[in-house]
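What follows draws every value from the coordinates through simple rules; no lab data is involved. All values derive from a computational prediction rather than experimental measurement. When we count neighbours, we look across all protein chains shown, and the Cβ atoms used for this are built from the backbone with ideal geometry, even at glycine.
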Amino acid sequence: MSLKGGYQALACTGLFAALGGFMPAPAVGSTPDPLEPTGQWMEKSFGSAALPPMGWNSWNAFHTQIDEAKLIGSAQAIVDSGLRDLGYRYINIDDGWWQKRRQPDGRMVVRTSIFPSATGAGPEETSLRPLVDRLHSMQLKAGIYSDIGRNACSQGYPSPDSLLPTGTVAEREVGLYDHLAQDLTLYFQEWGFDYIKVDGCGLNAFSADKPAVKAGQFRAFPALVVSDSINQTRVADIRNLYGRLRDELMRVRPMGDFVFSICNWGTANVRAWGRDYGNLWRTSDDIEPRWARMLYNFDSVATRELYSGPGHWNDPDMLYVGQGEFDANHLTEARTHFALWSIVDAPLLIGYDLRQAPKALLEVLGAPEIVAVNQDPAGNQGVLAYTSDDLQIFVKQLAARDEKAVVIFNRGTEQVNAVLTAAHLKFRPGTTIQVRDLWRRRDLPAFTDEVTFALAPRESVTLRVKGQPLLADGMYLSEMPARLYVAADGIDALQADPQIHRPVNMGDGTTRGSGPRPALAGWGGARADSTPYNNELRLRGKAYTSGIGVLANSRLQVRADGQFNQFSAQVGMDDSSLEQRTKVRFEVYGDGRLLARSPALGAMDAPFDLDAKVAGVKTIELVAREMGKGSAPAVVAWGAAALRH
Ligand code: GLA
């Protein structure tokens, strides 16, 4: 449902002032130069998500028709089926749990008709503590849901059967806005929750032009998020609101025992800042139980490999395994959906009524070797080694240097004979490669150089391979996305990413209107083994199968942790660069000190060998600095960029 698109931004400072309370992001006086090396790893560390969170969430299974019996029933099924012991720990309540905000003190009241254990001494004396205690006693963890604005998604986009907050306008303001400290203290300290998902409908569904707002049902809130228009979305304001929330979480849980899930559907360029604000951030609008929509959600993370890592994960939304086109009659699709989420390090949050799960579906969700791909401790998101509209090959470097996980994915409608090569795996040609089929949990015959898999439409193959890395004494940077942090991406003007699949809308009568358009910012971001615009990395005709592609005026950090001795790359302006006239200088810093620098390189210059000694260096910084200002984005390549021991 692209329910959130198509709204007018009314935001202007005067309006904010008139609304009272909302403060736009302050004008920034002297911002630090984004290209200036800091000498320190800049990614913020907080929360408890060293691995992608795993668990269950009520929304896809029940929407607001959640109740305690359904929740405990699914939790019990997670325990009984062995899924808990496989890592599914979080039991997350989504929208619908609230009755109202008590007046005048603002304490949140639980809807006890569906959560009877929350009943207290009086009708407005409720507590979810008993439920949380019960989940904890089952060795599970508990998650709650709120909204960053004053009101929530079910209020902004109600269905006929939605259980909505009741009472006066103020009583129905169940979101965190103006109640941040009060609500987080209640949820995390008094009730004992471990996880919070924070939606963003309060920032896009309650602008003054909305009929329900005009009718006086809700207080107006400016449309900071304009889902179908990145240029009208107030990126800094939204980021600041989520930043305040993160800071407040650190106050209520100073030991960092929380998980913070940002749910703003990939808007506001969250790709670029999610990592510093939350433990996971949605990259797209809501998933639906149909193939085409799953592709849309998946594509919104598939090229974001350099933006996630331990503690900080891209979130293509919760799983739909078990329903619609991923039900027990569609096990090929269900397996593919699950394998794709695994290889891109997506959170594995089941969205299905597990009380009635057939064995075949529990076997999908509980496939131990697929889950292990997702939970590999190195936290490298799978990187595209081959891509087309029909077939993709993802390769994920695992913690063991000589092991990789692979998903070969037939997106199309025809059978494909997919050839997996040693080059895709960055393994040495002519050497033996061991292969294991992770769904069947059995070894396949070893191969050298290449092996072919026949894939039916929508089928995928998930493998673990073991071989001799091409770089025996080190690693390509594109094999270690978890160690890269994009400190500055060089993007001047945000552009919607055209690579993301655009399915027919289901929510609003299918083909009325002119169809969905690219809407999620991210086009032009840093990439592993690709240019920012999905071209092969190439310098003066020489192609690089390994390397980092990025725009000029960028700074990448690499967490070396003193484990390497030598950095090397062949650098230059990529042949595909839109800008051809300016020149770019490449600089390598180690813990803030300049270690190596290229001359200014233009489109006609041969690739330049840039080497630096990095023994003992903790943080390497790679700066590509444009000399002068071009009229189009300058695409640069750190070809074959590698760290050696
Ligand atoms: C939004 C979110 C969903 C779910 C609903 C609840 O649509 O993206 O995941 O939380 O709100 O209303």
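Full extension of the chain segment joining residue 611 with residue 434 gains 60.4 nm, where the gain is 0.36 nm per residue of separation less the Cα-Cα distance. Only one residue of 175, 582, 535 has its Cα farthest out toward the positive end of the dipole of the chain, where Lys and Arg carry +1 and Asp and Glu -1 on Cβ, and that residue is 582. Taken over region 442-533, the alpha-carbon convex hull comes to 211 cubic angstrom per residue. Exposure proxy ranking for 594, 295, based on other Cβ atoms within 10 angstrom of each Cβ and starting from the fewest, stands as 594, 295. Averaging Cα coordinates gives a centre for region 544-593 and one for region 360-389; these two points are 29 Å apart.
What is the dipole size for region 200-272, taken about its Cα centre, with +1 at each Lys and Arg Cβ and -1 at each Asp and Glu Cβ, in debye to the nearest 20?
100 debye
Note on 42, 54, 573: ascending count of other Cβ atoms within 10 Å places them as 42, 54, 573, the fewest first. Each of 610, 260, 224 was scored by the projection of its Cα onto the charge dipole of the chain, and the greatest displacement toward the positive side belongs to 610; charges sit on the C-beta of Lys, Arg, Asp and Glu. Protection proxy ranking, highest mean first, for peptides 541-551, 321-331, 279-289: 279-289, 541-551, 321-331, where packing is the per-residue count of other beta-carbon atoms within 10 Å, averaged. Over the chain, the hull volume per residue, using the convex hull of the C-alpha atoms, is 154 Å³. Within the straight-line cut-off of under 16 Å between alpha carbons, the aspartates and glutamates reachable from residue 542 are 529, 574, 575, 605, 609, sequence neighbours fewer than 8 places apart in one chain being disregarded. Counting only Cβ charges, +1 for Lys and Arg and -1 for Asp and Glu, the dipole size of the chain around its Cα centre is about 540 debye.
The per residue volume of the convex hull around the alpha-carbon atoms of region 71-123 is 100 Å³. Computed from backbone phi with θ = phi - 60° and the Karplus coefficients 6.51, -1.76 and 1.60, the 3J(HN,Hα) list for region 593-606 is 9, 5, 9, 7, 8, 8, x, 5, 10, x, 4, 8, 7, 5 Hz; x is used for glycine and proline. For the pair residue 212 and residue 292, a Förster radius of 35 Å applied to the C-beta separation gives a FRET efficiency near 0.70, rounded to the nearest 0.05.
Summarising the amide proton neighbourhood of residue 55: residues at separation of 5 or more, or on other chains, whose placed amide H is nearer than 5 Å comprise 89, 90, 348, 349, 350.
The residue 85 and residue 632 beta-carbon pair, evaluated with R₀ = 60 Å, returns a calculated FRET efficiency of approximately 0.65. For region 22-142, the residue among 88, 115, 64 whose Cα projects farthest onto the positive side of the dipole built from Cβ charges is 115.
For residue 44, the aspartates and glutamates whose Cα falls under 12 Å of its own Cα, not counting residues fewer than eight places away in the same chain, are 247, 276.
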